[in-house]
Amino acid sequence: MDEINNRIKVFKNPKIWEKNLPSISVITITYNRLKDLKETFSNIISQTYPNLEYIIIDGDSQDGTVDFLRENSANISYWISEKDAGIYDAMNKGALTATGEWIIFMNCGDKFFAEDTLAKVAEYLDNSVDVVYGKFEYVVNDKYGYHTYQRQPYNLSIIWREIPTCHQSIFVKRELQVKYPFDTFLTWCADHDFMAKIYVAGYQFQEVPVIISKFDGSGGVSRDLLSFTKERWSICRKYFGKSFQQELYFVNEYKSFWLQKNIISKIREILPSQLILALRKYRKIY
């Protein structure tokens, strides 16, 4: 462990790779979320796949995270605790630190679906593809109850409006992630921007029949849906130009989210919980 000016804390324990297996760098970004970090940490070190390094990028947490990292350094290849410019800046730092052939971001609170997930995905990691992605399990725990569902990736034909799957279920070659860092000016969709960018550049994508990740999406309600739409709209224009169909899609989505934010959400607050649950089941949300 090195401490620079008693402010930046860093630990390095370089991974010795097995050359006959794909090497995978798992990167976790965290900031003042010790409880969630412990769950993610436990999940990752429980993976049965041997050829992985674990990297944790902490944004100078003050909740005991650094003590936890020090105590568990034996299971971490690299960790650092310092201020950053946000989650995507931290993810870029993690990519630059990684030494594996492949990178996946499993951020604080996220988990691999099963202990053998990496072992299953590793069978598809070879030089013929640049991006490997799969399904995920989504958990919502709110005042209406606890629910889970599994989602198939979107077809790549609609990457102009949707990222194929969540970043927790995407493996990318390290050299590609370093060549095209996340755009830190984006708040919500830098991962989508990255995927669209490398897609139009002609890199090879492969969907695999594996449920890769699971995470709690309950916090998604705090996302500014109007800003979320605007960012994806700008990504579409940047990489795919403008078409009537695409412009109409985002206009309609923006109108829908505006109604949801300003009217529907207020109506929902006064409706009985059982009615909300019935509507969700009817719409097959759960």
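The values are calculated or read from the model by the stated rules, or taken from the named source; none is laboratory data. In this text, all values refer to a predicted model and were calculated from it rather than measured experimentally. Ideal geometry is used to build each Cβ from the backbone, glycine not excepted, and the neighbour counts take in all protein chains shown. Only protein heavy atoms, including side chains, enter the accessible area calculation; ligands, DNA and RNA are left aside. Shrake-Rupley method; radii C 1.70, N 1.55, O 1.52, S 1.80 Å.
For the chain, with only Lys/Arg (+1) and Asp/Glu (-1) charged at the beta-carbon, what is the dipole magnitude about the Cα centre, in debye rounded to 20? It would help to have the intermediate numbers written out before the result.
Numbers: 36 positive and 35 negative charges, 235 e Å.
My answer is approximately 1120 debye.
Go ahead and run the numbers for FRET between PHE240 and SER273, Cβ-Cβ distance against an R0 of 51 Å, rounding to 0.05. Intermediate values should be presented prior to the final figure.
Details: r = 41 Å, r/R0 = 0.80.
Result of the calculation: an efficiency of 0.80.
Would you kindly derive the ³J(HN,Hα) couplings of the stretch 240-247 from the backbone phi angles with the Karplus curve 6.51 cos²θ - 1.76 cosθ + 1.60 (θ = phi - 60°), listing them in order in whole Hz, with x for Gly and Pro?
The phi angles translate into 10, x, 10, 9, 4, 4, 5, 5 Hz.
Going 7 Å from the Cα of LYS255 toward and past its Cβ, which residues in the stretch 159-184 have a backbone nitrogen under 20 Å from where you end up?
161
Taking the Cα centre of the chain as the origin and placing charges on Cβ (Lys, Arg +1; Asp, Glu -1), which of TRP160, ALA122, VAL172 is farthest toward the positive end of the dipole?
Value: TRP160.
What's the extension gain from SER227 to GLN204 if we count 0.36 nm per residue and subtract their Cα-Cα distance? Write down the numbers at each step before the final one.
On the way: separation 23, 0.36 × 23 = 8.28 nm, distance 2.97 nm.
Between SER227 and GLN204, full extension yields 5.3 nm more.
What's the ranking of 78-84, 202-208 by average number of surrounding C-beta atoms within 10 Å, highest first?
Details: 78-84: 20.1, 202-208: 15.0.
For the peptides 78-84, 202-208, the packing ranking is 78-84, 202-208.
Contact order normalised by length for the chain, with contacts defined as Cα pairs under 8 Å and 6 or more residues apart; what percent is it? The partial results should precede the final answer.
Values: 470 pairs, mean separation 52.5, N = 286.
Relative contact order for the chain comes out at 18 percent.
Determine, for each peptide in 162-172, 65-75, the mean count of other beta carbons within 10 angstrom over its residues, then list the peptides with the highest first.
Numbers: 162-172: 22.2, 65-75: 15.3.
Averaged packing, sorted descending, gives the order 162-172, 65-75.
Counting only heavy atoms of protein chains, what accessible area per residue, in Å², does the chain have with a probe of 1.4 Å?
On the way: 14690 Å² over 286 residues.
Ligands and nucleic acids excluded, the figure is 51 Å² per residue.
Pull up the cross-link candidates among the aspartates and glutamates for LYS238, meaning alpha carbon to alpha carbon under 15 Å and not fewer than 8 places away within one chain.
GLU162, ASP183, ASP191, ASP193, GLU247
Taking the Cα centre of the stretch 13-162 as origin, work out the dipole magnitude from +1 charges on Lys and Arg Cβ and -1 charges on Asp and Glu Cβ, in debye rounded to 20.
Working: 14 positive and 22 negative charges, 48 e Å.
Here the size comes out at about 220 debye.
Tell me which of ILE212, TRP233, MET195 sits at the most positive position along the dipole axis of the stretch 179-241, charges placed on C-beta atoms (Lys, Arg +1; Asp, Glu -1).
With unit charges placed on the Cβ atoms, the residue in question is TRP233.
Considering only protein heavy atoms and a 1.4 Å probe, what is the carbon-and-sulfur percentage of the accessible area of the stretch 1-100? Numbers along the way, then the final one.
Values: 2400 of 4850 Å².
Its accessible area is 49 percent carbon and sulfur atoms.
Ordering ASP191, ASP116 from largest to smallest accessible area (1.4 angstrom probe), what's the sequence?
Numbers: ASP191 25, ASP116 60 Å².
Sorted descending by solvent-accessible area, the residues read ASP116, ASP191.
Tell me, in nm to one decimal, what length is gained between LYS12 and ALA85 on full extension, where the rule is 0.36 nm per residue of separation less the Cα-Cα distance? Mind dumping the intermediate values first?
Details: separation 73, 0.36 × 73 = 26.28 nm, distance 2.22 nm.
Length gained between LYS12 and ALA85: 24.1 nm.
Using 0.36 nm per residue, how much length does the chain from LYS179 to ASP63 gain when fully extended, once their Cα-Cα distance is taken away?
Details: separation 116, 0.36 × 116 = 41.76 nm, distance 3.37 nm.
Extra length available between LYS179 and ASP63 comes to 38.4 nm.
What would the Debye formula give as log10 I(q)/I(0) at q = 0.09, 0.16 Å⁻¹ for the alpha-carbon point model of the chain, no solvent?
These q points yield log10 I(q)/I(0) values of -0.47, -1.38.
Put GLU18, GLU253 in order of accessible area, largest first, 1.4 Å probe: what do you get?
Greatest to least solvent exposure: GLU18, GLU253.
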